[in-house]
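Written below as structure tokens is the structure these notes are about.
The values are calculated or read from the model by the stated rules, or taken from the named source; none is laboratory data. Everything quoted here is computed from the prediction, not taken from an experiment. In this analysis, Cβ positions are derived from the backbone assuming ideal geometry, glycine residues included, and neighbour counts consider all displayed protein chains. Only protein heavy atoms, including side chains, enter the accessible area calculation; ligands, DNA and RNA are left aside. Shrake-Rupley method; radii C 1.70, N 1.55, O 1.52, S 1.80 Å.
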Amino acid sequence: MIYLTSGESHGQELTVILNQIPSGIAIDIDYINNELKRRQSGYGRGGRMKIETDQAEIVSGARFGKTTGAPLTMKIKNKDWQNWTEKMAVLKKYKIPKLTMPRPGHADYAGLMKYYDDDIRNILERASARETTAQTAAGALIKSALKENFKIEIFSHTIAIGNIFINKSYTLDDLQKIYNDEVLRCIDKIVEKKMIDLIEKTKKRGDTLGGIFEVIALNIIPGLGSFIQYTNKLDAKLAAAILAIQGIKGIEFGAGFDGVRKFGSQFHDEFDLSKQKKIIRKSNNAGGIEGGMSNGCNIVFRAAMKPIPTLMSALQSVDLEDCKIKKAIVERSDVCVVPAAGVVAEAVTALTLFNIILEEFGYDNIKLIRKRYFDKLKLLEKKYKFSFYN
Ligand SMILES: Cc1cc2nc3c(=O)[nH]c(=O)nc-3n(C[C@H](O)[C@H](O)[C@H](O)COP(=O)(O)O)c2cc1C
């Protein structure tokens, strides 16, 4: 299955097409819209979030609430479009001043050079993270399919905003409780207050923040992915999908970079057996992936998001029209979007895992795919006399 997004930040609408999506997937439009709402939430978002409440509309590839196997198209309208009909006119030409002072940290400058263009608007409209709305909608459909058919659940939460980090262990119950949290989706409410305070102070200065979020995928069977070629490794695929999210600069699995401080005897996750005869590990420093494949533990990774590059106190730029040093352009912008980026990461994680399942268990109908998936588990359980689920 591949998915393609289209649409500009202030264009008429966003579109996502999922090609080779299996038939029979139940579509829960409320669930998809709730994921879109989660992507729009979070302390530190800009004015745009107040203008629009994103709603997905499915226009092809579904009938009577289920996918048919035909390319599935979802559209999300940009409600702000009505204020941009001239600036973003598709055919008619209006006299609109060009944007010529690129913002450091954005695609503005490299994009102009790449396309031999002279108006940053032509670059920023597509480079904008508004695209992540379409990814979130596609990922939401697949996320609910993963839960319903394969018991796989995906969560994310905020670990750090700027230099303020959580320092508290948490349970899955904690993650479930904050799933729809609209503040910062942080499990530590005392630290969250400090984060909010930092966002407020930063906003007052016209500055911005980045941070770290963590993603956890549960009920993963061992053996998803491959050790055979670099193109099929699960960690490489997840890393590529996560690093492609606007603003994401790093990813670490399990113990991550901190793991290098440990000895091998401390780092590697020893095997054990649960009371229910399930193969378990004494720790999960590998983040659920060994040798390019899932190892049956939860998949756990953290991603680092750079500070938002549109600053209200604009940074220095060069006006490409007259080659003079000026301030960079300022567009309406968020101050901090780490929790929203976490929601996008949940979506692309779902799409990545689903694709790996399809590669191994087939493409056509979700019931058939599910049958092959659980038949394999039954065969393994019979062969090895242990179970995969508690
Ligand atoms: C959900 C989300 C919302 C974002 N909102 C903004 C924003 O309002 N203003 C901005 O300058 N950057 C925003 N960004 C970040 C930029 O899109 C990103 O820094 C930029 O595209 C360059 O990132 P790159 O260097 O990783 O490609 C957002 C990112 C995400 C994931």
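The table below lists the values:
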read-out: Cα-based reach from Lys383 at 28 Å (exclusive), listing lysines while leaving out same-chain residues under 8 positions away; value: Lys147, Lys151, Lys233, Lys275, Lys277, Lys278, Lys282, Lys367, Lys371
read-out: Residue-wise HN-Hα coupling along the range 236-249, computed from phi with Karplus coefficients 6.51, -1.76, 1.60 (Hz; x: Gly, Pro); value: 5, 5, 5, 4, 4, 5, 6, 5, 7, 6, 3, x, 8, 10
read-out: C-alpha center-to-center spacing [the range 35-104, the range 287-343] in angstrom; value: 19
read-out: Under 5 Å, built H, 5+ apart or other chain: amide partners of Ser60; value: Thr73
read-out: Table column - 3J(HN,Hα) (Hz), the range 10-25, Karplus curve with 6.51, -1.76, 1.60, x for Gly and Pro; value: 10, x, 5, 6, 9, 10, 9, 10, 9, 9, 6, 7, x, 7, x, 6
read-out: Reciprocal mean inverse distance between Cα atoms of the range 2-384 - Kirkwood radius, Å; value: 22.3
read-out: Per-residue ³J(HN,Hα) for the range 281-298, Karplus 6.51 cos²θ - 1.76 cosθ + 1.60, θ = phi - 60°, Hz, x for Gly and Pro; value: 10, 6, 8, 9, 5, 6, x, x, 9, 9, x, x, 10, 5, 10, x, 7, 4
read-out: Candidates His268, His106, His157, ranked by Gaussian network fluctuation over the chain, Cα under 10 Å, top entry; value: His268
read-out: Folded to 0 to 90 degrees: helix 29-40 orientation relative to the chain principal axis, Cα; value: 60
read-out: Cut-off under 5 Å, modelled amide H: who pairs with Glu13 long-range; value: Glu8, Asn78
read-out: Inter-centroid distance (Cα atoms) of the range 208-253 relative to the range 161-197, Å; value: 21
read-out: Nonlocal amide H pairs with Leu224, under 5 Å, H built at 1.01 Å; value: Ser294
read-out: Percent accessible area from carbon and sulfur atoms, the range 2-384, protein chains only, probe 1.4 Å; value: 55
read-out: Protection proxy ranking, peptides 354-365, 301-312, 338-349, average beta carbon neighbours within 10 Å, highest first; value: 338-349, 301-312, 354-365
read-out: Mean Cβ count within 10 Å, highest first, over the residues of peptides 165-172, 107-114; value: 107-114, 165-172
read-out: Straight-distance crosslink candidates among aspartates and glutamates, where the alpha carbon sits under 19 Å from Lys189 and sequence neighbours closer than 8 are dropped; value: Asp173, Asp174, Asp181, Asp197, Glu200, Glu214
read-out: Sequence ranges 34-40, 321-327, ranked by mean other-Cβ count within 10 angstrom, highest first; value: 34-40, 321-327
